[in-house]
1. Which condition number does Pro37 fail, the rest of (1) loosely packed, with under 11 Cβ neighbours inside 10 Å; (2) at pLDDT below 95 being met?
2. Could you list all residues from the range 100-117 that are hydrophobic (A, V, I, L, M, F, W, C) and either under 23 Å from Tyr49 (Cβ atoms) or surrounded by fewer than 14 Cβ atoms within 10 Å (Cβ to Cβ) (or both)?
3. Checking the conditions here, which among Asp112, Asp78 is part of a helix (DSSP H, G or I) and either acidic (Asp, Glu) or touching a helix residue (DSSP H, G or I) at 6+ places or on another chain (Cβ under 8 Å) (or both)?
4. Just the residues that are of a type in the set (A, V, I, L, M) and either out of contact with any Phe, Trp or Tyr (no Cβ under 6 Å at 6 or more places or on another chain) or exposed (fewer than 10 other Cβ atoms within 10 Å of the Cβ) (or both), please, taken from the range 76-98.
5. Is it the case that Val83 is β-branched (Val, Ile, Thr) and at pLDDT below 90?
6. Report, by residue number, each residue of the range 35-64 that is within 13 Å of the chain's Cα centre (by Cα) and either outside any loop (DSSP other than H, G, I, E, B) or over 20 Å from Gln90 (Cβ atoms) (or both).
7. Just to check your reading of the model, which residue among Met1, Met25 is assigned to a helix (DSSP H, G or I), modelled with pLDDT under 95, surrounded by fewer than 16 Cβ atoms within 10 Å (Cβ to Cβ) and of a type in the set (A, V, I, L, M)?
8. Only residues that are touching a helix residue (DSSP H, G or I) at 6+ places or on another chain (Cβ under 9 Å) and part of a loop (DSSP other than H, G, I, E, B): list them for the range 94-109, please.
Amino acid sequence: MPRLPQCQIVRLGLMEYTDTWQLQMEQAQNVAQGLQPDTLILVEHPPVYTMGRTGNRQHVLLNDQELGDIGVALLEVDRGGRVTYHGPGQRVAYVMLDLKKRGNDVRTFIHDLEQWVIRTLAHFNVIGE
């Protein structure tokens, strides 16, 4: 099995989306400055819809009152995509890594990311491929 660059894994459990976003920004800055290794954050969020740069309010089928009634937040985020639901029981992985160490090669990034996920799953006795 080829050696991968070191990756720090941070397991957060259940954490608010906005708190996780702030932590990601801090971790990404540390990775970029070489203060810590590439980092994989594993987390679950309380019920929340995130609306990305290509999303709009029409993509959300519930109005603000209905969202409030079921306890689901709606947040506008600066990521790609339209609307994504996150909630308890759904594990989310956020990766902070330095592409410069990979020569800005997206294929190497995708390969490393795939291998980190497969190896992380194996740590939890789940087979990934």
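1. With (1) loosely packed, with under 11 Cβ neighbours inside 10 Å; (2) at pLDDT below 95 applied to Pro37, the lone miss is (1).
2. From the range 100-117, those hydrophobic (A, V, I, L, M, F, W, C) are 106, 109-110, 113, 116-117; that's our starting set.
Once the filter is applied, which keeps residues that are hydrophobic (A, V, I, L, M, F, W, C) and either under 23 Å from Tyr49 (Cβ atoms) or surrounded by fewer than 14 Cβ atoms within 10 Å (Cβ to Cβ) (or both), the range 100-117 yields Val106, Ile110.
3. Values: Asp78 fails: part of a helix (DSSP H, G or I).
Of Asp112, Asp78, the one residue that is part of a helix (DSSP H, G or I) and either acidic (Asp, Glu) or touching a helix residue (DSSP H, G or I) at 6+ places or on another chain (Cβ under 8 Å) (or both) is Asp112.
4. Step one: filter the range 76-98 for residues of a type in the set (A, V, I, L, M), giving 77, 83, 92-93, 95-97.
Selection gives Val77, Val92, Ala93, Val95, Met96, Leu97.
5. Numbers: β-branched (Val, Ile, Thr): yes; at pLDDT below 90: no.
The answer is no for Val83.
6. Here is the first cut: in the range 35-64, the residues within 13 Å of the chain's Cα centre (by Cα) are 39-45, 50.
Scanning the range 35-64 gives Thr39, Leu40, Ile41, Leu42, Val43, Glu44, Thr50.
7. Details: Met1 fails: assigned to a helix (DSSP H, G or I).
Of the residues listed, the single one that is assigned to a helix (DSSP H, G or I), modelled with pLDDT under 95, surrounded by fewer than 16 Cβ atoms within 10 Å (Cβ to Cβ) and of a type in the set (A, V, I, L, M) is Met25.
8. Leu97, Asp98, Asp105, listed by residue number.
The values are calculated or read from the model by the stated rules, or taken from the named source; none is laboratory data. Keep in mind it's a predicted model, so treat the numbers as computed, not measured. Cβ sites come from the backbone with ideal geometry, for glycine too, and all protein chains shown count toward neighbours. The area values use the complete protein model at the heavy-atom level, side chains included, leaving out ligands, DNA and RNA. Shrake-Rupley method; radii C 1.70, N 1.55, O 1.52, S 1.80 Å.
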